[in-house]
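Visitor: Here you go, one structure.
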Amino acid sequence: MAGVALPRVLSGIQPTAGSFHLGNYLGALRQWVALQETAQAFYCIVDQHAITLDWDPAELRHDTLASAAQLLALGVDPARSTLFVQSHVPEHVQLSWVLECIARFGEASRMTQFKDKSQREGAAGSSVGLFTYPVLMAADILVYRADQVPVGDDQRQHLELTRDLATRFNGRFGDTFPLPEALIPEGAARIMDLQSPDRKMSKSLPPAGCVFLLDDPKVTAKKIRSAVTDTGREVVADPVHKPGVTNLLTIHGALSGTPVAELEERFAGRGYGDLKKELAAVVADFVTPIRQRTQELLDDPAELQRILADGAARARQVAGRTVADVSDKVGFLPPAGARA
Ligand code: TRP
């Protein structure tokens, strides 16, 4: 590999109350772990995005640390990747301001996630931060001059905006940012809610349909047992007529590494109950070491914070160079005494 620069990857995830769920893992985080082999990865817990909707300060602090512990337990390796907390790297917000002045009100107004989320509070109750959320996300990416961004399908439009802003900046101020590509995992990893298999697994739906990584496997087994299945008895993947069973097969296949066709064969002539029982065991095998490792990490918060401080220091070296370059290009007077 000598002499060949690895592609640079950046991704972010919001700190989550309680724990990440199987949809987060199979939809995105599994890819984060895999990319460490082939890319120079920056992974960021986006606590500043987390305050665009109402929040509780003590919970945010706790959730940020607990998210870091889970990412490490899932296999993010601080020796190979740069893992850090967004607010520890002020360069994101510095670049974000410049990008806000490059972005147009109209294009930000077209973001569908903003339209969805702002509906809850209405225009009068929504924060300006919620409106500029996608611009901060663009800054997260561009401040590292990232080539690739592993994200879920719902972030496609934000990536397009990021590319548009990068193109506009480059056009006006000279080549500065590579245009980042979205890395969206193949359909296999689309995990649906156990109770409403027509909807993506999400912690904003009732908990019975969501498998949290830190849940006791007994609780998870119960959720799987009560998962909505479909009419008929055959265990076959058919997303249109059997979305519930298909989802269970997808999860099994993704965690056990068994092709779904092989699972269909194995469960031929057996009922949904057998599939659910086996799936519960597969999930328990997967989460047990992760739960244990997360707990160990949380038992030593000083060490966790040391890992995050080290990540932030490394991130700032890269982000600082970009902000210096951008500041110069847009005409900010350098503070006297600053290194050229
Ligand atoms: N908006 C992303 C999400 O909800 C999280 C995020 C923030 C992100 N900044 C990012 C993802 C930068 C990728 C790159 O999933």
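The values are calculated or read from the model by the stated rules, or taken from the named source; none is laboratory data. Note that the coordinates shown come from a computational prediction; the quantities given were computed from them, not determined experimentally. Virtual Cβ from ideal backbone geometry, glycine too; neighbours counted across all protein chains shown. The area values use the complete protein model at the heavy-atom level, side chains included, leaving out ligands, DNA and RNA. Shrake-Rupley method; radii C 1.70, N 1.55, O 1.52, S 1.80 Å.
Visitor: Please give every one of the lysines within straight-line cross-link reach of Lys277, meaning a C-alpha to C-alpha distance under 29 Å, and leave out same-chain neighbours fewer than 8 residues apart.
Guide: Lys200, Lys203, Lys218, Lys222, Lys223, Lys242
Visitor: Now for a different question. Work through the residues other than Val46 whose Cβ is under 13 Å from its Cβ and net out their charges, Lys, Arg +1 and Asp, Glu -1. Spell out each step's value before the answer.
Guide: Details: positive: none; negative: Asp47, Asp63, Asp140.
Taking every other residue near Val46 into account, the sum is -3.
Visitor: If contacts are Cα pairs under 8 angstrom and at least 6 residues apart, what is the relative contact order of the range 83-238 in percent? Can you show the working numbers first?
Guide: Numbers: 140 pairs, mean separation 26.4, N = 156.
For the range 83-238, the relative contact order is 17 percent.
Visitor: Out of all DSSP beta bridges in the chain, what portion is antiparallel? Express it as a percent rounded to 5.
Guide: On the way: 3 of 17 bridges.
Among the beta bridges of the chain, antiparallel pairing accounts for roughly 20 percent.
Visitor: Let me ask something else about it. Between 0 and 90 degrees, rounded to the nearest ten: what's the tilt of helix 243-256 against the longest Cα principal axis of the chain?
Guide: 70
Visitor: In the range 66-167, which trypsin sites (Lys or Arg not before Pro) are in a loop and have at most 14 other Cβ atoms within 10 Å, using DSSP for the loop call? All intermediate terms of the calculation are to be shown ahead of the outcome.
Guide: Values: sites: Arg80, Arg104, Arg110, Lys115, Lys117, Arg120, Arg145, Arg156, Arg163; in loops: Arg80, Arg104, Arg110, Arg145.
Loop-located and lightly packed - Arg80, Arg104, Arg110.
Visitor: Return one number: the angle in degrees, 0 to 90 and rounded to the nearest 10, between the long axis of the Cα atoms of helix 112-125 and the longest principal axis of the Cα atoms of the chain.
Guide: Long axis of 112-125 versus the principal axis of the chain: about 70 degrees.
Visitor: Using only alpha carbons, build the gyration tensor for the range 21-84 and give me the equivalent ellipsoid semi-axes, biggest first, whole Å.
Guide: On the way: eigenvalues 106, 31, 23 Å².
Sorted largest first and rounded, they come to 23, 13, 11 Å.
Visitor: Run the Debye formula on the Cα coordinates of the chain, all scatterers equal and no solvent, and tell me log10 I(q)/I(0) at q = 0.14 1/Å.
Guide: -1.18
Visitor: Taking a 1.4 Å probe, which of Lys200, Lys329 shows the most accessible area, and what order do the others take after it?
Guide: Numbers: Lys200 85, Lys329 65 Å².
From most accessible down to least: Lys200, Lys329.
Visitor: Here is a further query. Rounded to the nearest 10 Å², what accessible area does Thr220 show when all protein chains are kept and the probe is 1.4 Å?
Guide: We get 10 Å² for Thr220.
Visitor: Still on this model: What accessible area per residue comes out for the chain, rounded to a whole number of Å², with a 1.4 Å probe? If you can, show how the numbers build up before the last one.
Guide: Numbers: 16750 Å² over 340 residues.
Result: 49 Å² of accessible area for each residue.
Visitor: Does anyone have the angle between helix 128-142 and the longest principal axis of the chain? Alpha-carbon axes, 0 to 90°, nearest 10?
Guide: Taking Cα atoms only, the helix is inclined about 80 degrees.
Visitor: Taking the Cα of Ala313, stepping 7 Å toward and past its beta carbon, and measuring to each backbone N in the range 59-99: which are under 19 Å?
Guide: 77-91
Visitor: Before anything else, pin down the relative contact order of the chain: Cα pairs under 8 Å, at least 6 apart, normalised by residue count, whole percent.
Guide: 22
Visitor: Based on the Cβ-Cβ distance of Ala17 and Glu181, what FRET efficiency does E = 1/(1 + (r/R0)^6) give at R0 = 30 Å, to the nearest 0.05? Display every interim value, and only then the final one.
Guide: Details: r = 31 Å, r/R0 = 1.04.
Using R0 = 30 Å, I get an efficiency of 0.45.
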